[in-house]
1. Could you say which residue among Val159, Val110, Val153 is over 30 Å from Thr54 (Cα atoms) and either basic (Lys, Arg) or at pLDDT below 90 (or both)?
2. Tell me which residues, restricted to the range 42-70, are loosely packed, with under 13 Cβ neighbours inside 10 Å, within 21 Å of Gly30 (Cα to Cα) and over 23 Å from the mean Cα position of the chain (by Cα).
Amino acid sequence: MINNQTLARPYAKAAFEYASAANSNDAWSGMLSLAAAVVEAPEVAELLRNPRLTRESKVEAVLRLFADDVDDAFRNFIANMGEHDRLFVLPTVRELFEAFKAEAEKTLDVELETAFELSAEQLETLAAALSKRLDRSVNPRQVVNPALIGGLVIRAGDVVVDGSVRGKLSQLAESLKS
């Protein structure tokens, strides 16, 4: 069976290329977020799974929910997806679009899991060091987890750096077992 990533990738790429050419990445990002939220609503998800409704009626129902919050190009995009019965992959399209956008803008969302709240200055210093190291503009998001005991865990895309006391204790325990 084909997965949602495979179905969504061509739509996300086409949306990103169109939005980039029109210099409206942020607008399309917002419209895709709205569309993803709409199709994730239980009532709409049920409507999209209803085999008795035609593809056209599903598209019309979804487009009515947008009201005037989307432009004509986005309406055409949704109509095209609906024509191919792909409206259910809109949340994945949004995720992939955001990944394409972040790659083009050379930005990266980074989660900093710490044992204690960091000051604004510490957060800035960490963000600057990570930006230099990763060659990207970093958007740090701090998560406080007292179970770490001390140190921090950095999650940047596929990269995870565990510099926590809990992580070091786990490594020590593993080495003592072997």
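1. Going through Val159, Val110, Val153 in turn, just one is over 30 Å from Thr54 (Cα atoms) and either basic (Lys, Arg) or at pLDDT below 90 (or both): Val159.
2. Within the range 42-70, Arg64, Ala67, Asp68 meet the criteria.
Matching residues to (1) surrounded by fewer than 18 Cβ atoms within 10 Å (Cβ to Cβ); (2) in contact with a Gly (Cβ under 6 Å, 6 or more places away or on another chain); (3) within 25 Å of Gly30 (Cβ to Cβ); (4) among the hydrophobic types (A, V, I, L, M, F, W, C):
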| site | (1), (2), (3), (4) |
| --- | --- |
| Gly82 | no, no, yes, no |
| Phe88 | no, no, yes, yes |
| Glu95 | yes, no, yes, no |
| Leu118 | yes, no, no, yes |
| Ser137 | yes, no, yes, no |
| Gly150 | yes, no, no, no |
| Gly157 | yes, no, yes, no |
| Val161 | yes, no, no, yes |
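The values are calculated or read from the model by the stated rules, or taken from the named source; none is laboratory data. Note that the structure is predicted; figures quoted are calculated from it, not measured. Backbone-built Cβ (ideal geometry, glycine too); neighbour counts: all protein chains shown.
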